[in-house]
There are 2 protein chains.
Amino acid sequence: MADVARRAGVSAMTVSRALKGTGTVTPETQARILQAVAELGYVLDKSAGALSSKKTGFVSVLIPSLNNSTFSDTVHGLIDVLDTQAMQVLIGTTGYSRAREEAVIETMLQRRPEGIVVTGGRHTPRARAMLTAAGVPVIETWEQPAAPIDHVVGFSNAATVEDLMARLVDRGYRRIAFIEGGEGDDPRGEDRRAGYERAVARHRLERTCVIAVGRVPISMEDGARAVVQLVETWPEVEAVICVSDGPAFGAIMECHRRGWAVPGRLAIAGFGDFELARQCWPSITTVSVGSRDLGRQAGSLMLEAIAARYAGAPLSPRRVTVAHTLVERDSTARRASPPTWAGRVA
Amino acid sequence: MADVARRAGVSAMTVSRALKGTGTVTPETQARILQAVAELGYVLDKSAGALSSKKTGFVSVLIPSLNNSTFSDTVHGLIDVLDTQAMQVLIGTTGYSRAREEAVIETMLQRRPEGIVVTGGRHTPRARAMLTAAGVPVIETWEQPAAPIDHVVGFSNAATVEDLMARLVDRGYRRIAFIEGGEGDDPRGEDRRAGYERAVARHRLERTCVIAVGRVPISMEDGARAVVQLVETWPEVEAVICVSDGPAFGAIMECHRRGWAVPGRLAIAGFGDFELARQCWPSITTVSVGSRDLGRQAGSLMLEAIAARYAGAPLSPRRVTVAHTLVERDSTARRASPPTWAGRVA
DNA sequence: AAGCCTCATGTTATCGATATCGTCACGGTT
DNA sequence: AACCGTGACGATATCGATAACATGAGGCTT
């Protein structure tokens, strides 16, 4: 930066002002500086800037995995918003493990983010302590923790599945099963299952039928395996809810392979409203939670919280509930099961 | 850090040494320091460390989008490897736009990454200039640029589709179409299409049939629309290759909806070997490029290049070609078309 | 026993920017 | 004409760590 200053015939301070738009600089000086910058190919060093201004321009976000389109949507939503204020998102993946989450949080804190967004509301005690002690806004997402660390932008996973169950019961299904992950730590999946169980009780259904397969996040293939296991174990089951759209899709494809009509033989629903659910044949009944919008809302709240903190009036903990929508599609249609091949095969 | 030093009765320098494992510190001193750290809840500030050591611990990676499972797989592979050396990955998304890529590169350079991984081999002139001038290892991935900036870990998109075409021709298909994106900048998609065209010429097929729909990256729904358009435009077409597995899946589902047997009426192939392709019914013939492994290889090369640079012997540009594999599945099976419903509908 | 090496630790300078305060010139006010 | 406010810019201190060199205590060599 000193080089640029010399070349433009000004002080480093003026260069700094010119480059970040703050303070007052004469248009001519500004032009001279920008030209010097261009000639020298100078690039501002934000690490240094961060050190003196105590603002890193980072917001950390922790998600279980990048491969899950649902969470990457949320991250995209966050980026959409934070990008407008030139804030950069530092992404960390926790691999559905609280222990890894704790480790990632520690790494992240070393970068002094101005805000932290985490997925879920259950953490190791040390993780929780670190988040609290960080002294920056924290947003927990995708759940509705009973005792939030700070802010929350989420929804109740249990409630979504309860609603879905109510709909299925309304459509006349009584023997409804649930497919979930067998190993690993997936609090949101557990909540959904709890919602299923509550619904079974509330609607006085005969019994709960839960098939647990694979390691979270369970795959399409796990769904395929699970549906077979389900039909073998409880042949009387009429409908099944999968913990997410991936396994629901796998289950449907397996039914195709075996010639089990969906929803004729078995109605299948998922969670998440992946693109796949809309495009699948039959289209999959699911719950939409608007992941990208969830990310955007978290982003806006984060900007507000950061600004408030610098203004000396930290935001008191906010709880934003994002709406979920039941998307009823063909895979649970009660009669005239749309995907029947009768008469359509050439 | 001074507080920790005082509490442990040592100098800040010793604390620094203890914390980053470098240098020599007596076990007792180490223990005392770690205890002071724990008591004070002190967290190292890497921005400051980066400034003085001139090592940020960042590697930037630019991908078109997080939502594309293929690229996130590559990023995961990168993280797998870089994590072992406590290097953090800074992810930037370019939204399939060279202009955005240029902007993101500039932002990234302000963070002084120790290495940069970009997707693709075509960039704006300024982007290229910035990458060159950055003075750190650069790896271009997912393509085989003719004139690389520095290192390359990729494959020829054209060659993969040529291979796939050869296989289809081998299976007896002669009228083969290609479905691609209509708007937007997707160099890899264009390469694949070029491979398709070369194959049409080489095998002396009657003509090229290209359907372009939607904006890149094209969706499942785009694939569904495209296949309808295809059958209407060229009813004689026997097989179609889609620019990726997403639209291939959408096309297959649309065929189901319309009662067009796959592969009986139309064989359909994709690209990328998404999980969906394996689980779909019929399973989708595709090209696998091992995205995660690609990421791992890029990661290893990056570590090597970074180490070499610090050792004063920068690595001369390397070109790593990752193998692609044809995965032939049911969606292009020539006869006894597996997915026929004859006799399986109850 | 003198000399040397090694190990653990301390001192000082520095990384590259920005916060803060100071300076100076200029134009408007009374 | 003296005064004051404002705008443009400079000088200095500082952010929090680490590189590089210095120091001193012991153990080892011959």
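Please work out if B:A199 is surrounded by 20 or more Cβ atoms within 10 Å (Cβ to Cβ), of a type in the set (G, A, S) and over 25 Å from the mean Cα position of the chain (by Cα).
No, not satisfied.
Assess whether B:D191 counts as being of a type outside the set (V, I, T), farther than 24 Å from B:P263 by Cα, touching a Ser or Thr at 6+ places or on another chain (Cβ under 8 Å) and not in a helix (DSSP H, G or I). Taking the combined requirement at face value, the residue does not satisfy it. Among what's in the stretch A:51-70 and is crowded, with 21+ Cβ neighbours inside 10 Å and at pLDDT 95 or above, pick the residue that is farthest from DNA strand D (Cβ to nearest atom). Taking the candidates together, the pick is A:P64. Somewhere in the stretch A:89-106, is a residue under 16 Å from the mean Cα position of the chain (by Cα), closer than 19 Å to B:E106 by Cβ, away from DNA strand D (no atom under 14 Å from the Cβ) and not charged (D, E, K, R)? Yes, some residue in the stretch A:89-106 is under 16 Å from the mean Cα position of the chain (by Cα), closer than 19 Å to B:E106 by Cβ, away from DNA strand D (no atom under 14 Å from the Cβ) and not charged (D, E, K, R). Being more than 14 Å from DNA strand C (Cβ to nearest atom), touching a residue at least 12 places away in the same chain (Cβ under 8 Å), closer than 30 Å to B:P187 by Cα and surrounded by fewer than 22 Cβ atoms within 10 Å (Cβ to Cβ) is the requirement here; does B:D80 meet it? Here the answer is yes, as B:D80 does meet what is asked.
Look at B:A31 and say whether it is away from every other protein chain (no Cβ under 11 Å), over 23 Å from the mean Cα position of the chain (by Cα), within 16 Å of DNA strand C (Cβ to nearest atom) and crowded, with 20+ Cβ neighbours inside 10 Å.
Values: away from every other protein chain (no Cβ under 11 Å): yes; over 23 Å from the mean Cα position of the chain (by Cα): yes; within 16 Å of DNA strand C (Cβ to nearest atom): yes; crowded, with 20+ Cβ neighbours inside 10 Å: no.
No: the conditions fail for B:A31.
When A:G57 is tested against the conditions (1) more than 14 Å from chain B (Cβ to nearest Cβ); (2) more than 8 Å from DNA strand C (Cβ to nearest atom); (3) of a type outside the set (A, V, I, L, M, F, W, C), the lone failure is (1). Name the residues in the stretch A:18-32 that are touching a residue at least 12 places away in the same chain (Cβ under 8 Å) and near DNA strand D (Cβ under 9 Å from one of its atoms), would you? The answer is A:A18, A:T29, A:Q30, A:R32. Residues that are more than 14 Å from every other protein chain (Cβ to nearest Cβ) and within 12 Å of DNA strand C (Cβ to nearest atom) within the stretch A:7-24 comprise A:V10, A:S11, A:A12, A:M13, A:T14, A:V15, A:R17, A:A18, A:G21, A:T22, A:G23, A:T24, listed in sequence order. Do the conditions hold for A:A36, that is, is it under 38 Å from the mean Cα position of the chain (by Cα) and either within 16 Å of DNA strand C (Cβ to nearest atom) or within 7 Å of chain B (Cβ to nearest Cβ) (or both)? Criteria not met by A:A36.
Scanning the stretch A:86-104 for residues that are in contact (Cβ under 8 Å) with a residue 60 or more places away in the chain and of a type in the set (D, E, K, R) gives a single hit, A:R98.
When A:V81, A:V89, A:V75, A:V117 are checked against the criterion of being hydrophobic (A, V, I, L, M, F, W, C), facing chain B (nearest Cβ under 7 Å) and farther than 19 Å from B:L44 by Cβ, A:V75 stands alone in meeting it. Screening B:R292 with (1) touching a strand residue (DSSP E or B) at 6+ places or on another chain (Cβ under 9 Å); (2) at pLDDT 95 or above; (3) not hydrophobic (A, V, I, L, M, F, W, C) gives one miss only, at (1). Mind listing just one residue for me: the one in the stretch B:167-196 that is of a type in the set (A, V, I, L, M, F, W, C) and touching a strand residue (DSSP E or B) at 6+ places or on another chain (Cβ under 9 Å) and, of those, surrounded by the fewest Cβ atoms within 10 Å (Cβ to Cβ)? Going through the qualifying residues, I end up with B:V169.
The values are calculated or read from the model by the stated rules, or taken from the named source; none is laboratory data. None of these values were measured; they are calculated from a predicted model. Ideal geometry is used to build each Cβ from the backbone, glycine not excepted, and the neighbour counts take in all protein chains shown.
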